[in-house]
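Structure first, then comments.
The values are calculated or read from the model by the stated rules, or taken from the named source; none is laboratory data. Source: prediction; values computed, not measured. All Cβ positions, even for glycine, are placed from backbone atoms using ideal geometry, and neighbour counts span all protein chains on display. Protein only, heavy atoms only, side chains kept; ligands, DNA and RNA dropped before computing areas. Shrake-Rupley method; radii C 1.70, N 1.55, O 1.52, S 1.80 Å.
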Amino acid sequence: MQNTPASLEAEIQRLARENATLRRELEAGRRIGATAERSEAIFDAAFDQAPHFAGLLALDGVLLHANRSACAFIGRRAAEVVGRPFWSTPWWAHSPEEQEKLRGAIVKAAQGASVRFETTNQATDGRLHPIDFTLRPAWDKEGLAFALIVEGWDITERKEALAQLRTLAHEQRVILDTLTAGLCRIKKRRHQW
């Protein structure tokens, strides 16, 4: 092939087309990267920064992700618990019965059910906290479960407030009963005079 002006011009045009194609592909890659970063930021805001405990399990119950709130509750970093069967993590280590209940719930959720129950989790200070726990499948576009979403709400304050309300209601009943009995005695005495 000779380097004639026509052949050089054809080669320049071919290279310019390739260059334009590469630039379009590069820009598309940048947009995809920006979209992926945005998706990660949304996930972080919605999941990782949530005030309640949240996690993601494989269908066999292995922990894939635990949010900051859940990790802070047990005083561990996510890297220390991710990759382990969820029932063997510090949240559940205090109770073989609760571990067994969790295993059964994982099987049900992997089969498509949503499971909710009250349980306890042990905090870093050793105290057991009541937890409103849910476990449900995450579905892909074809309608197949691909992971399990776990969430827990520490209901300690709610339980304590309820106990205080019960105590207050009991005290009010005692006072009312005492007042009623006193009034009845006064009424009886009036009839006797």
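Determine which member of the set Glu142, Glu80 is over 24 Å from Arg158 (Cβ atoms), assigned to a loop (DSSP other than H, G, I, E, B) and either open to solvent by 50 Å² or more (accessible area, probe 1.4 Å) or in contact (Cβ under 8 Å) with a residue 24 or more places away in the chain (or both).
Numbers: Glu80 fails: assigned to a loop (DSSP other than H, G, I, E, B).
Among Glu142, Glu80, only Glu142 is over 24 Å from Arg158 (Cβ atoms), assigned to a loop (DSSP other than H, G, I, E, B) and either open to solvent by 50 Å² or more (accessible area, probe 1.4 Å) or in contact (Cβ under 8 Å) with a residue 24 or more places away in the chain (or both).
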Practice item. Examine the stretch 151-161 for a residue that is outside any strand (DSSP E or B), touching a helix residue (DSSP H, G or I) at 6+ places or on another chain (Cβ under 7 Å) and open to solvent by less than 90 Å² (accessible area, probe 1.4 Å), and state whether such a residue exists. Key: no
Exercise for review: Please determine, by comparing only the residues of the stretch 99-124 that are open to solvent by less than 30 Å² (accessible area, probe 1.4 Å) and part of a helix (DSSP H, G or I), which one is farthest from Leu135 (Cα to Cα).
Suggested key: Leu102
**Study point:** Pairs, first closer than 19 Å to Asp140 by Cα and hydrophobic (A, V, I, L, M, F, W, C) in the stretch 59-71, second part of a loop (DSSP other than H, G, I, E, B) and open to solvent by less than 10 Å² (accessible area, probe 1.4 Å), C-beta under 9 Å, six or more apart
**Key:** Leu63/Thr89
